Every structure is written in structure tokens, then in C-alpha cells.
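Single-structure report; data block below.
The values are calculated or read from the model by the stated rules, or taken from the named source; none is laboratory data. As the structure is a computational prediction, the values presented were derived from the model and not from experiment. Note that each Cβ is placed from the backbone with ideal geometry, even for glycine, and that neighbours are counted across all protein chains shown. Please note that ligands, DNA and RNA were not included when accessible areas were found on the heavy atoms of the full protein model with its side chains. Shrake-Rupley method; radii C 1.70, N 1.55, O 1.52, S 1.80 Å.
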Amino acid sequence: MRFVIARFPFDLIKSEVEQSMEGVAPEPVTGASVTIGRRTYPVKQVGAVITKQDRRDFTAGEVVRALTKLGFTCHAAPPVNPAEGLFGSSGPAGSSGTSWPNG
């Protein structure tokens, strides 16, 4: 099938995408992901492999649309744990429950 990703046309076939991803270790998933075989990859990683373009040149949505039409199962970004929020599991600046200096 023909897809346009980052303004460039690509003729993609499901078996060729699977073959391209063989032997590629999945990176940690932080956004949208796709299941290829028994592995789950970030869609931006798959997009970079199959298009040979820089990840900044295309959107995750473009890759999700193409992979979904090819028959792959795509997943939304994993939810953020509100307890961790922006500061991670240790709280702001690694605070351990002590008050700020001069405060």
C-alpha cells in the first residue's frame, strides 16, 4: 500500500515491515506503540526504521495510520501515574518530606 509520511510516498507491505523490525530491540515505550510479532515498539522507532528518516520529520499519527491500515495493532500512549507527575517518584527535586531552606 502507498502511504505518505513526512510528505514522502512509501510503498509498504506488512511482511516487509515485520522483516525490517526483525532483530531490532524495542526501545522503552513512552508514547504511542505498535505490536509487531511478539514485541511492542514505539511507533516513532518503527517509523524511523521503515522510512529511514529522522524521527523529527514525521508524526506518530502518520505512522499509526499507516501501520493500522497494514493490519498492525497500535496502542495509545501509556497513562502517566499522577502520583509521580512531573517530578518522578521522589517528588520535587528529590524532596524527602523535609521543608525547603528558609521556609
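Phe87 meets each of the listed conditions (1) surrounded by 10 or more Cβ atoms within 10 Å (Cβ to Cβ); (2) modelled with pLDDT of 95 or more; (3) more than 17 Å from the chain's Cα centre (by Cα) apart from (2).
Residues in the stretch 40-57 that are open to solvent by 60 Å² or more (accessible area, probe 1.4 Å) and more than 12 Å from the chain's Cα centre (by Cα): Lys52, Asp54, Arg56, Asp57. Scanning the stretch 50-61 for residues that are under 14 Å from Asp11 (Cα atoms) and not basic (Lys, Arg) returns Ile50, Thr51.
For the stretch 19-31, a residue qualifies if it is part of a loop (DSSP other than H, G, I, E, B), open to solvent by less than 60 Å² (accessible area, probe 1.4 Å) and not small (Gly, Ala, Ser), and the qualifying residues are Val24, Pro26, Val29.
No other residue among Glu62, Glu16 is open to solvent by less than 80 Å² (accessible area, probe 1.4 Å), assigned to a helix (DSSP H, G or I) and either free of Cβ contacts under 8 Å to residues at least 12 places away in the same chain or not aromatic (Phe, Trp, Tyr) (or both) apart from Glu62. In the set (1) over 27 Å from Asn81 (Cα atoms); (2) among the β-branched types (Val, Ile, Thr); (3) part of a strand (DSSP E or B), Val34 fails one condition alone, (1). Every listed requirement among (1) modelled with pLDDT of 95 or more; (2) touching a Gly at 6+ places or on another chain (Cβ under 7 Å) is met by Gln19 save one, (2). Here Gly37 passes the criteria (1) on the phi > 0 side of the Ramachandran plot; (2) open to solvent by 70 Å² or more (accessible area, probe 1.4 Å) except the one numbered (2).
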